[in-house]
Amino acid sequence: MTSPKKLYDPIREFWVAATPEEVVRQRCLQKMLQLGYPKRWIVVEASLHPSLGEQSLAIGRRVDILALYLKGSSLAPLLLIECKASTSCSPAALQQVMGYNSIGAPFLALAGSEYFSLRWKEQTGEKELFYLPKYQELVNACMH
């Protein structure tokens, strides 16, 4: 039985309050699972730890969604997603997700109630897609 005020989080495996931001987060997680992102390699609302990146991070900073992939024999950051309840992508939100990326995820995304923006850097400059690719597509891009 579901409650309109609660959503089930399939990654953390518990019910969460259905805040506007949480609705966006749960939509992203459902889409990720549909696109082949391994459940065991998705982290939700986790505190960033200095061991995940080259720089120390302020205590209390948390990522909304982090997808990992197997790089060699260890897990590495693949995609960092910041979820917002807003209907449009703001420069402040973009700065926030970029600030979280001292962990070195090659792909960054902003997800809102009415938008999705995936960004990454290539030699020719920054690229952007307005949808979430399949997990294997992002992993393959990292292998080149």
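The values are calculated or read from the model by the stated rules, or taken from the named source; none is laboratory data. Nothing here was measured: the structure is a model prediction, and the numbers come from that model. Positions of Cβ are generated from backbone atoms using ideal geometry, with glycine treated the same way; all protein chains shown enter the neighbour counts. What goes into the accessible areas is simple: the full protein's heavy atoms, side chains included, and nothing from ligands, DNA or RNA. Shrake-Rupley method; radii C 1.70, N 1.55, O 1.52, S 1.80 Å.
Residue count for segment 114-131, restricted to those that are among the hydroxyl-bearing types (Ser, Thr, Tyr) and in contact with a Pro (Cβ under 9 Å, 6 or more places away or on another chain): 0. Taking the conditions exactly as written (within 18 Å of residue 11 (Cα to Cα), at pLDDT below 95 and not hydroxyl-bearing (Ser, Thr, Tyr)), does residue 54 satisfy them or not? It is false that residue 54 is within 18 Å of residue 11 (Cα to Cα), at pLDDT below 95 and not hydroxyl-bearing (Ser, Thr, Tyr).
Here residue 25 passes the criteria (1) modelled with pLDDT of 95 or more; (2) among the basic types (Lys, Arg); (3) surrounded by fewer than 18 Cβ atoms within 10 Å (Cβ to Cβ) except the one numbered (3). The set of residues in segment 91-144 that are open to solvent by 70 Å² or more (accessible area, probe 1.4 Å), in contact (Cβ under 8 Å) with a residue 40 or more places away in the chain and part of a loop (DSSP other than H, G, I, E, B) contains only 134. Can you find a residue that is at pLDDT below 85 and within 29 Å of residue 7 (Cα to Cα) anywhere in segment 126-141? Scanning segment 126-141 turns up no residue that is at pLDDT below 85 and within 29 Å of residue 7 (Cα to Cα). Scanning segment 77-89 for residues that are touching a helix residue (DSSP H, G or I) at 6+ places or on another chain (Cβ under 9 Å) and without any contact (Cβ under 8 Å) to a residue 40 or more places away in the chain, we see that the one that is surrounded by the fewest Cβ atoms within 10 Å (Cβ to Cβ) is 86.
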